[in-house]
1. What's the number of the only condition in (1) among the polar types (S, T, N, Q); (2) touching an Asp or Glu at 6+ places or on another chain (Cβ under 8 Å); (3) farther than 22 Å from residue 71 by Cβ that residue 170 fails to meet?
2. Take the residues of segment 138-193 that are small (Gly, Ala, Ser) and open to solvent by 20 Å² or more (accessible area, probe 1.4 Å): which is modelled with the lowest pLDDT?
3. For segment 116-132, state whether one or more residues are open to solvent by 30 Å² or more (accessible area, probe 1.4 Å), at pLDDT 85 or above and touching a His at 6+ places or on another chain (Cβ under 8 Å).
Amino acid sequence: MLEKYAFLALIGIQYGLDTYWLSLRKNRVLISSSEKFVDKKFVGIVVFVVTINILTYLLWWRSVKWGTMGDPMGLLLFGSLIFIVGYTLRYISIRQLGDWFVPQVAIEINQPLVERGLYRFVRHPSYTGMILAYIGIGIASNSYPFLVLLVLSTSAVLYLRTIREERFLTRTVPGYRNYRNRTGRFLPKFTKW
């Protein structure tokens, strides 16, 4: 029973942290209002996908016995550790991007290319941290179906969002095309050298 409430607390912490960090960001001016409209759809899709996944899991909690992974308390602790690592990575990447981090796909005229810290290796480390946090939530749930559903659906939505975001950045930020070729989207790009 304890792991049920701890798992729910983990989900609450995740939503609370994201809401808090994103509410602190400055609103940026977009190049066109149509870009803002498209981004609002993507933000809504992410929230919708995650909410549907969590509701599905909560509805299955008492009725589905198949697909469990093992010791609930051990998985809760291990999943919580991965969650903390993921959100630490997300927080660090948001801090390193500074005022240029905003929740919507927003490109400002004369926006600089940020290549310091985690951004030297990965183009979207805050999304990497978010995916890691969701892996942690999935492990803490002690449910293979929920883990797979949550991680795959969220990763797919974030991947689609990065395609749109990178299209804007390539058009408007000098040097972004070369940066994109040198770095990985969510994980570092490894080469022979």
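The values are calculated or read from the model by the stated rules, or taken from the named source; none is laboratory data. None of the values given here were measured: they were computed from a predicted structure. Note that each Cβ is placed from the backbone with ideal geometry, even for glycine, and that neighbours are counted across all protein chains shown. In case anyone asks, the SASA skips ligands and DNA or RNA and just uses the protein heavy atoms, side chains included. Shrake-Rupley method; radii C 1.70, N 1.55, O 1.52, S 1.80 Å.
1. (2)
2. Pass one, segment 138-193, residues small (Gly, Ala, Ser): 138, 140-141, 143, 153, 155-156, 175, 184.
Narrowing further to those that are open to solvent by 20 Å² or more (accessible area, probe 1.4 Å): 153, 155-156, 175.
Values: 153: 85, 155: 90, 156: 88, 175: 91.
For segment 138-193, the residue satisfying everything is 153.
3. No: segment 116-132 contains no residue that is open to solvent by 30 Å² or more (accessible area, probe 1.4 Å), at pLDDT 85 or above and touching a His at 6+ places or on another chain (Cβ under 8 Å).
Residue by residue, here is whether (1) at positive phi; (2) under 17 Å from the mean Cα position of the chain (by Cα); (3) among the hydroxyl-bearing types (Ser, Thr, Tyr) holds:
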| position | (1), (2), (3) |
| --- | --- |
| 96 | no, yes, no |
| 114 | no, no, no |
| 155 | no, yes, yes |
| 163 | no, yes, no |
